[in-house]
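Down below is the structure, laid out as structure tokens.
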Amino acid sequence: MTRLDTTLIALADPTRRHVINLLRRGPRSAGDLAAASDMSAPAMSRHLRLLRRTELVEERIDEHDARLRMYRLRRKPFAELRAWLEEIEAFWTDELEAFKAHAERRSRKGNKK
């Protein structure tokens, strides 16, 4: 299984996508994420564990309170996902351009008759 596969599997869950959206605004503690998601701490912990394993988020110890763990997004897996999506988009752009050229050729041929 590739990193892209694990990224897509992790993002398939709506709760984990919600966590990602919350973390887009900045680092948060697991307790803050659980409260914002109306979820128990153990349930949020399971989601965060998977997001850490897939390297979508990282955990850091708070500099002011060593007992507090802060979570934030990691750039690399999202950059890899974006690169893959850009490849797919380029494929469809090429396909649409080829279709347009084909339709224009057929239209010119039809106008000559």
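With respect to being in a helix (DSSP H, G or I) and either closer than 25 Å to residue 4 by Cα or in contact with a Ser or Thr (Cβ under 6 Å, 6 or more places away or on another chain) (or both), residue 52 fits the description. Could you tell me whether residue 77 is surrounded by 14 or more Cβ atoms within 10 Å (Cβ to Cβ) and not in a loop (DSSP other than H, G, I, E, B)? The answer is yes for residue 77. Against the definition (outside any helix (DSSP H, G or I) and surrounded by 10 or more Cβ atoms within 10 Å (Cβ to Cβ)), how does residue 65 come out, yes or no? The answer is yes for residue 65. Between residues in segment 86-103 that are assigned to a helix (DSSP H, G or I) and residues that are modelled with pLDDT under 85, which pairs lie under 9 Å by C-beta distance while being six or more apart or on different chains? Here the result reads none, with nothing in segment 86-103 linked to a residue that is modelled with pLDDT under 85. Looking at 39, 44, just one residue is surrounded by 12 or more Cβ atoms within 10 Å (Cβ to Cβ), not aromatic (Phe, Trp, Tyr) and not in a helix (DSSP H, G or I), and that residue is 39. Within segment 6-18, the set of residues being out of contact with any His (no Cβ under 6 Å at 6 or more places or on another chain) and β-branched (Val, Ile, Thr) comprises 6, 7, 9.
Of the listed requirements (1) touching a Lys or Arg at 6+ places or on another chain (Cβ under 9 Å); (2) surrounded by fewer than 16 Cβ atoms within 10 Å (Cβ to Cβ); (3) among the small types (Gly, Ala, Ser); (4) farther than 11 Å from residue 71 by Cα, residue 26 misses just one: (4).
The values are calculated or read from the model by the stated rules, or taken from the named source; none is laboratory data. On a predicted model such as this, the values are computed, not experimentally measured, just so you know. Here Cβ is always computed from backbone atoms with ideal geometry, including for glycine, and neighbour counts include all displayed protein chains.
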